[in-house]
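The values are calculated or read from the model by the stated rules, or taken from the named source; none is laboratory data. Bear in mind that the values here come from a model prediction, so they are computed numbers and not experimental data. Cβ: placed from backbone, ideal geometry, glycine included. Neighbour counts: every protein chain shown.
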Amino acid sequence: MTAAILALNRRTFASLRRHRNYRLFFAGHVISVTGSWMQNIGLAWLVIELTHSPVAVGGLAFARFLPFTVLGLFAGVITDRLDYRRLVITTQAASMSVSALLTVLVFTDRATLPVVYALAGLLGTALVFDAPGRHALTFQMVGRDELANAVALNASLFNASRVIGPAVAGVVIAWVGVGACFLINTVSFLAMLASLLAMRTADLFPVEQAEERPEIIRGALEGIRYAWRAPEVRLVLAIVTVISTVGFNFHVVLPLLASQTLKTGPEVFGILSACFGAGALAGALLAAGFGRASWKLLVTGVAGFSLSMLALAPLTTVWAAAALLFAVGVSFTLWTSNANAILQLGAPDHLRGRVVGLYLFAFAGLAPVGGLLAGWLTEVGGTELAFLVGGATGLAMAAVAATRLRGLLKPVPAA
């Protein structure tokens, strides 16, 4: 038993042990993403302070994710045309600039709802190009053998930050105000930029590029045709699209759960977000320990995610909601990390950026619609209705996937 546990621990952190560039990336990213989570919490609470409207919080989600809808199908093509590391440096610097502007506007009391929406849209525009660049850069940092492990570790650092960032943000908002969250986020980008600049480019794994740079429209169509002709890819993207659009609208529902259903303040909002993040971190470490992606883990995660949301719907006490959100988080990372790794491992090198772009489009391309839907459902039937609809939809998608397990239920090797 002890030997098995030690072996699991070795597998869990394999990418960090073996790759210097990935260690730098991991260290810089965990600081930067913590600041980003503080800013996400601050944005949602700022909209609540300005409007006290569930629909307005849904409007924030619409503004943040509209760039994914408009540009998501083309972001992967652009990623395949560029150097991944330089692209991420550019997008991180752009995000830092927008965050600095937001900081100034809030501290000078010039932040209005239209201004907040506009800046959220700019942040989303930077993210729509940053995300496929980071995912593709991960492949270059660790190679094929460690990709599944690194994808899960990326999810773990993202969700470790999801624990720390919201918890700290809740206290900071209560004591100082939302402006401090935006200031901290601006400074945190320096860690990520420093890690990217310190990488040794000679240590990056080479990737096979197309002989000619793909044209934007034709390149996007090439990626779509590949996804349509591959049954596994098509099914993964369908699962991610439906569940993310209808069920994963926590950026809208959680602040409303705290402020309206539980009738509490930003501290509890931070605690609830941190509990979800703690569960997501546990799920990510669990996925990293497996060391490979599989359909079984993906469908299990979808089912657990959906059942936990259904159980969460009627709850009206803080600690019960926090416990269920932990379970939601575990299942969420289990299915998203496996979906991501399955797609990347099956993709040809010259299409990897486009496949990642399609995954991110599936995850966030319809988020503007999902955010407005979640805001409207909460307006009509409270957060209970929003959780019920999301959970029921997720269970339906788990059932659809389960009907195809006979042909698709097999591990995807990491090498």
For region 49-61, the count of residues that are surrounded by fewer than 22 Cβ atoms within 10 Å (Cβ to Cβ) and either touching a strand residue (DSSP E or B) at 6+ places or on another chain (Cβ under 7 Å) or not charged (D, E, K, R) (or both) equals 6
Condition check: within 21 Å of Val302 (Cα to Cα), touching a residue at least 40 places away in the same chain (Cβ under 8 Å) and in a helix (DSSP H, G or I). Does Leu257 satisfy that? no
Could you tell me which of the residues Ala94, Ala100, Ala150, Ala136 is under 20 Å from the mean Cα position of the chain (by Cα), small (Gly, Ala, Ser) and modelled with pLDDT of 95 or more? Ala94
Among residues of region 195-223 being within 15 Å of Phe74 (Cβ to Cβ) and either in contact with a Pro (Cβ under 8 Å, 6 or more places away or on another chain) or surrounded by 15 or more Cβ atoms within 10 Å (Cβ to Cβ) (or both), the residue modelled with the lowest pLDDT is Pro214
For region 371-392, state whether one or more residues are part of a helix (DSSP H, G or I), of a type in the set (S, T, N, Q) and within 27 Å of Ala282 (Cβ to Cβ). yes
Are there any pairs with C-beta distances below 6 angstrom linking a residue in region 14-35 that is touching a residue at least 40 places away in the same chain (Cβ under 8 Å) to a residue that is surrounded by 22 or more Cβ atoms within 10 Å (Cβ to Cβ) and not in a helix (DSSP H, G or I), with the two at least 6 apart or on different chains, and if so which? Ala14/Glu146; Ser15/Glu146
Look through region 124-147, keep the residues that are in contact with a Leu (Cβ under 8 Å, 6 or more places away or on another chain) and closer than 30 Å to Thr51 by Cα, and return whichever of them is surrounded by the most Cβ atoms within 10 Å (Cβ to Cβ). Val128
Condition check for Arg17: over 21 Å from Ser99 (Cα atoms) and modelled with pLDDT of 85 or more: yes
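Results for (1) closer than 22 Å to Ile216 by Cβ; (2) within 14 Å of the chain's Cα centre (by Cα); (3) at pLDDT 90 or above, shown as yes or no for each residue.
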position	(1), (2), (3)
Asn338	no, yes, no
Pro348	yes, no, no
Arg352	yes, no, no
Val356	yes, yes, no
Ala364	yes, yes, no
Val369	no, no, no
Among the residues of region 211-222, are any of a type in the set (Val, Ile, Thr) and more than 30 Å from Leu286 (Cα to Cα)? yes
Name the single residue, out of those in region 263-288 being in a helix (DSSP H, G or I) and over 20 Å from the mean Cα position of the chain (by Cα), that is surrounded by the fewest Cβ atoms within 10 Å (Cβ to Cβ). Glu267
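How many of the residues in region 245-262 are under 15 Å from the mean Cα position of the chain (by Cα) and modelled with pLDDT of 90 or more?
1
For region 52-97, name all the residues that are more than 13 Å from Pro255 (Cα to Cα) and among the β-branched types (Val, Ile, Thr). If you could, list the steps in order and put the result at the bottom.
Here is the first cut: in region 52-97, the residues more than 13 Å from Pro255 (Cα to Cα) are 59, 62-97.
The answer is Thr69, Val70, Val77, Ile78, Thr79, Val88, Ile89, Thr90, Thr91.
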Give region 166-179 a look and list any residue that's buried (at least 20 other Cβ atoms within 10 Å of the Cβ) and closer than 18 Å to Val47 by Cα, or say none. Pro166, Ala169, Gly170, Val172, Ile173, Val178, Gly179
